[in-house]
1. Determine the shape class of the chain: with a ≥ b ≥ c the square roots of the Cα gyration tensor eigenvalues, call it rounded for a/c under 1.5, and otherwise prolate if a/b is greater than b/c, oblate otherwise.
2. Only Cα pairs under 8 Å and at least 6 apart count here; give the relative contact order of the chain as a rounded whole percent.
3. So for segment 548-636, averaging the separation of alpha carbon pairs under 8 Å that are six or more residues apart and normalising by length, what relative contact order in percent results?
4. Give me the angle, in degrees from 0 to 90, between the Cα long axis of helix 524-539 and the longest principal axis of the Cα atoms of the chain, rounded to the nearest 10.
5. Order 568-576, 135-143 from most to least packed using the mean count of other Cβ atoms within 10 Å.
6. Decide, for segment 517-636, between rounded, prolate and oblate: order the square roots of the alpha carbon gyration tensor eigenvalues as a ≥ b ≥ c, take rounded if a/c falls under 1.5, and otherwise choose prolate if a/b is larger than b/c, else oblate.
7. Classify segment 66-188 as rounded, prolate or oblate, taking a ≥ b ≥ c as the square roots of the eigenvalues of its Cα gyration tensor: rounded when a/c is under 1.5, otherwise prolate if a/b is larger than b/c and oblate if not.
8. Which GluC sites (Glu not before Pro) in segment 472-570 sit in a loop by DSSP (not H, G, I, E or B) and have at most 16 other Cβ atoms within 10 Å of their own Cβ?
Amino acid sequence: MQKMFIKYTVMIITSAIFLILFFNFLFSRRTLENQQFNTFYTKIEQVIHTLESNRTELELVKKNLDEDYLTRAKAAAYVMDRQEEVVTDVSMMQYLAELLNVDELHVIDETGIIVSSSVSKYVGFDMKAGNQTRPFLALLESDDEGAYLIQEPQPNSAEGKIMQYVGVARRAQKGVVQVGFVPERQMEAQSRNTYNYIFSMFPTDVEEELFVVDCETGTVLGHSENIEQNFVEDCYQLEQLMDCTEGAYKTGKNGKRMYIVSRNYDDVLICAALPGRVLFQKLLENTFHTFFYLLFIEAAVILLLYYLVKSKVINGIHCIIDKLSAITDGNLDTIVDVGGNHEFEELSGGINTMVKSIINISDKISAIIDISGIPLAAFEYGNGKEHVFATSGIGKLLETPTEKIAELCRSAESFDKYIGWIARNPVEGEEDVYRINDTKYVRIHMSKSQEGKLGVITDVTTDMMEKMRMRYENTHDALTRLYKYRHFQQLAQDILQNMPEGKLCAIAMLDLDYFKSINDTFGHDMGDKYLQSFAAVMNAMPSDHFLTARRSGDEFCMMIYNCDDKTQIIQCLEDFYAKLGQYQITLSDTQTRTISASTGFAWTTSSTEELSALLSHADEALYQIKNTTKGTYGEY
């Protein structure tokens, strides 16, 4: 009976194995193609994402550099309008160019001639003589005092070298101040947006090809290292590649059958290719592996069936099943004791050992986590079960005493409520991250199922602190710890737009008096200390009325808001100057000085007022004060 049972069992299982192999072959082929398609699709997506990211970076670099260059050009014009002697002295022009960190500095008179320059050989150059220089002549014809022109990087008319020029109209007299820069950052950003550079950043498998083809001409625009620049006639052409958006086999170089995936993006075709024989080799490997696994399983099943029939274990199995059912229902005190032979005794002992291991599993997991040194804890509780399995590190992560954790673990309902209480303080912009206190942040990831809940808690304090530090550095000036000017504009715009009816606000521009002489006399370190001392006074003003920032160099700005009338604005300025007057800074062993600053301000009652207009008006008021009284404030 046993031999007949084994004979028919072998015949049935062997037939099933060959049937499984046949269907597995068909299924595996489609699966491998789908996997390869997904792999290629992901790589192409990454290429596209990299292209878009690089383009965004290039646009951002250009925007930021244009704003920075324009600011420097205006600063140069500002200096020349107030110190005309700079224009007549080449060495002073070169010094001013060095201070402003520009490569070239030119002054163009009303006839379009460069009359002064930091590059002496450009003096006398006629702006009408070159295609690159002629557009700046429009600034001489403009009646707008704030007129400016920012050129794209291009060869200059004098020498043909790649430069970017920015020009602004002079206010004191008819003319143009022009600054020039070598556009290294833009050229570097552009170089990172080439297909060859992007492909060099992506690793390719053996014989795998990545390339980009122009959708109109069929020209290869970029390629990985192991593919030629151009395809020969017997290689896949543009119309063939167009049919590969869902993956297809085409004839490639040297007549090789290639599996290709293509995607149309921005008038180009991004393609990935792999020889078909590579996929076929993988298919054969999978089939052989499956065959050997099935043979192993067949042998194991036959031996197991033979053992079960010979030992007549059916009754013992039913007994064990009943005991296991009781354990599954939560009766962990159940003892499995099935005798009669050595095998059942070992099986019973193994089950009992497993149950004991389940009871102590949280301690074992805790020990493993402690050994690893990873700040992590886990917990699990089932529906309808009272006990909560939790690792020992959970109390430390949640800043909760061990006694309380032990009490909570005796009730799944209480533990669930406590986790919900912890989750009452989510961190904005972060997924599953919660604040325990000012110095502790954790991530709680929970998985729910019909059986219950499983959770993992990790310490993310270091990551959160680093993110907060980076946010602070992105919005605050490193030297003075005041807001950066760009962030100040954003905050001021929000305050202005949301200003309650009946309230007033003012924008004030501040400039330190005699700061250049302090820098020249006592050195830049003392100049930095002078700036920090002035910033300390600004920081000391009440935050419910003052928003302060460093604009650039020795220029600062602040917004006075939430005021009931103009008198309160004046009082705020008086308070500021009173505190400033009390602040003495030691410049040397024998000399101290009270910080002197000039302020121009403009105020409004309208929340629809343009912030840029207020900033401009405050600048004009500052200009008037700097050229009259100094050391005080003036209204636009």
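Coordinate-derived values only; no laboratory data. Treat the numbers as computed from the prediction; the structure is a model and nothing was measured. Cβ sites come from the backbone with ideal geometry, for glycine too, and all protein chains shown count toward neighbours.
1. Oblate shape, in that a/c is at least 1.5 and b/c is the bigger or equal ratio.
2. 7
3. Computed value for segment 548-636: 22 percent relative contact order.
4. Orientation of helix 524-539: about 80 degrees from the principal axis.
5. 568-576, 135-143
6. prolate
7. Here segment 66-188 falls in the rounded category.
8. Taking segment 472-570 and a limit of 16 other Cβ atoms within 10 Å, the loop GluC sites (Glu not before Pro) found are 501.
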